[in-house]
Amino acid sequence: MTKTPMMEVTGLRKAYGGRTAVADVSFTVAEGEVFGILGPNGAGKTTTVECVEGLRTPDAGTVRVAGLDPVTHHDEVTRVLGAQLQQSELQPKITVREALELYASFHERPADWRVLAERLGLAEGRVLTTRFAKLSGGQKQRLSIALALIGDPRAVVLDELTTGLDPRARRETWELIEDVRDSGVTVLLVTHFMEEAQRLCDRVAVIDQGRVAALDTPAGLIRRATVSTVISFTPSAPLDDRELAALPGAVSVRTADDGGIAIEGTDETVNAVVSLLARHRITARRLRVTEATLDDAYLALTNGADR
Ligand SMILES: Nc1ncnc2c1ncn2[C@@H]1O[C@H](COP(=O)(O)OP(=O)(O)OP(=O)(O)O)[C@@H](O)[C@H]1O
């Protein structure tokens with residue numbers, strides 16, 4: 001028997017007035033997965049997850065969360081799916097402890113807020129008695145994750161969680177998301193950051209102009225975008241360009257005025273270059289191998305532009 005997916009979005013369409021925000025989006029998220037939604041500004045990411053949360057009604061297509069329609073079964077879906085609050089939903093004067101207690105009281109079977117506060121580093125020092133307005137950016141994000149998890153949900157939506165955080169707070173937040181995943185909670189993660197998607201997500205949907213431009217594992221997206229590996233070095237003696245161009249997987253060979261060579265190819269080409277150099281007893285200075293990253297794949301898939 002196949003398991004019901006945690007989330008299933010099929011042919012989703014949503015327009016605001018005459019303006020189409022989501023034209024055609026489909027994806028399935030399995031239980032326990034960290035699924036990323038990546039895309040330029042205005043691509044339709046937030047609209048998509050708001051439809052998953054039941055905050056917006058699709059114009060066409062279907063959305064299911066644990067098999068339920070989030071609009072018609074809103075209460076049941078709220079028990080399954082935790083969502084972050086918009087910061088504006090919290091009073092500036094509410095303390096961390098009050099916010100945790102208040103939001104726990106909204107749920108029939110809430111998680112123990114003290115355990116959550118401990119897990120998310122909100123129980124240290126005076127954080128629990130600090131007012132929301134006085135928290136640092138990283139602490140606000142941790143509270144936001146805690147409030148998303150307070151109903152003890154099976155899945156959670158995290159939208160642009162690390163935007164505006166410094167690199168250290170961002171890395172700490174990534175560790176928290178990894179903890180959430182390790183506790184078995186499914187994560188739907190909206191992000192602008194390639195590094196974040198590459199590190200955290202099992203699969204990623206790249207959304208561009210309201211459509212899924214590609215859906216794969218981060219490694220699969222990199223392969224699919226046919227961006228390649230570049231091997232560059234300066235040989236101790238001249239090499240024949242034609243011999244380099246004939247190496248397995250080599251796509252192009254460029255020689256700079258200073259004798260530096262850059263070969264675009266694959267992992268296979270890297271090995272072939274090393275053997276060729278050994279055969280000719282040539283040493284390589286400044287040898288570098290630049291692997292394609294999800295950044296390259298993303299730019300290739302979305303034509304590079306933030307709109
Ligand atoms: N409430 C709304 N009313 C009118 N237009 C909207 C509304 N919300 C979003 N839009 C428009 O719909 C399109 C998609 O927006 P959406 O917020 O879903 O994209 P996004 O990918 O999340 O973008 P960002 O990364 O900038 O948050 C954009 O052109 C946006 O201006």
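Details
- Positive-end extreme of charge dipole, the stretch 231-307 - chosen from S252, T283, Y298 (charges on Cβ): T283
- Remark on A111: its backbone amide H falls under 5 Å from those of G151, D152, a criterion applied only to residues 5 or more positions apart or on other chains, H modelled at 1.01 Å from N.
- Once you reduce the stretch 22-39 and the stretch 108-159 to the center of their Cα atoms, the two points are 25 Å from each other.
- Evaluating 6.51 cos²θ - 1.76 cosθ + 1.60 at θ = phi - 60° for every residue in the stretch 91-102, the Karplus couplings come out as 5, x, 8, 5, 8, 4, 4, 4, 5, 4, 5, 4 Hz, glycine and proline recorded as x.
- For the listed peptides 28-35, 207-214, a ranking on the average number of other beta carbons within 10 Å per residue, highest first, reads 207-214, 28-35.
- With Cα atoms, 0 to 90° folded angle of helix 167-182 axis to the chain main axis: 70 degrees
- Tensor-based shape of the stretch 123-193 (alpha-carbon gyration tensor, a/c under 1.5 rounded, otherwise prolate or oblate): oblate
- The Rg/Rh ratio of the chain, with Rg taken over Cα atoms and Rh as the Kirkwood radius over Cα pairs, comes to 1.10.
- Between the amide H of V34 and those of V187, D202, R203, distances stay under 5 Å, these residues lying 5 or more places away or on another chain, with hydrogens modeled in the peptide plane.
- Mean separation of Cα contacts under 8 Å (6+ apart) over length of the stretch 108-161, as relative contact order %: 47 percent
- Derived scalar couplings ³J(HN,Hα) [the stretch 148-162; Karplus, 6.51 cos²θ - 1.76 cosθ + 1.60; whole Hz; x for Gly, Pro]: 5, 9, 5, x, 6, x, 8, 9, 9, 9, 10, 10, 6, 5, 9
- Per-residue 3J(HN,Hα) values for the stretch 208-221, derived from phi via the Karplus relation 6.51 cos²θ - 1.76 cosθ + 1.60 with θ = phi - 60°, read 9, 6, x, 10, 7, 7, 6, 9, 6, 6, x, 5, x, 5 Hz in sequence order (x marks Gly and Pro).
- Gyration tensor verdict on the stretch 1-110 (Cα atoms; rounded if a/c is under 1.5, prolate if a/b is larger than b/c, oblate otherwise): oblate
- For D59, distant residues with modelled amide H under 5 Å away: R13, K14, A15
- For the residues E98, E291, E89, a GNM of the chain with alpha-carbon springs under 10 Å puts the largest fluctuation on E89.
- Gyration tensor verdict on the stretch 228-291 (Cα atoms; rounded if a/c is under 1.5, prolate if a/b is larger than b/c, oblate otherwise): rounded
- Among 252-261, 185-194, the peptide with the highest mean count of other Cβ atoms within 10 Å heads the list, and the full ranking is 185-194, 252-261.
- Computed over the chain: relative contact order in percent, which uses C-alpha pairs under 8 Å that are six or more apart: 20 percent
- Among A30, V270, A117 the positive-end extreme of the charge dipole of the chain (Cβ point charges): A117
- Positive dipole terminus of the stretch 121-240, leading residue within V180, P218, T130 (C-beta point charges): T130
- Under 18 Å from a label point set 7 Å out along the Cα-to-Cβ vector of S275, the amide N atoms of the stretch 227-256 belong to 231, 240, 242-251.
- Highest-first arrangement of 240-247, 65-72, 138-145, where packing means the average Cβ count within 10 Å: 138-145, 65-72, 240-247
Quick note: the coordinates plus some simple rules give every number you see, no bench work behind them. Please read these numbers as outputs of a predicted model, since none were measured by experiment. Note that we place each Cβ from the backbone using ideal geometry, even for glycine, and neighbour counts take in every protein chain shown.
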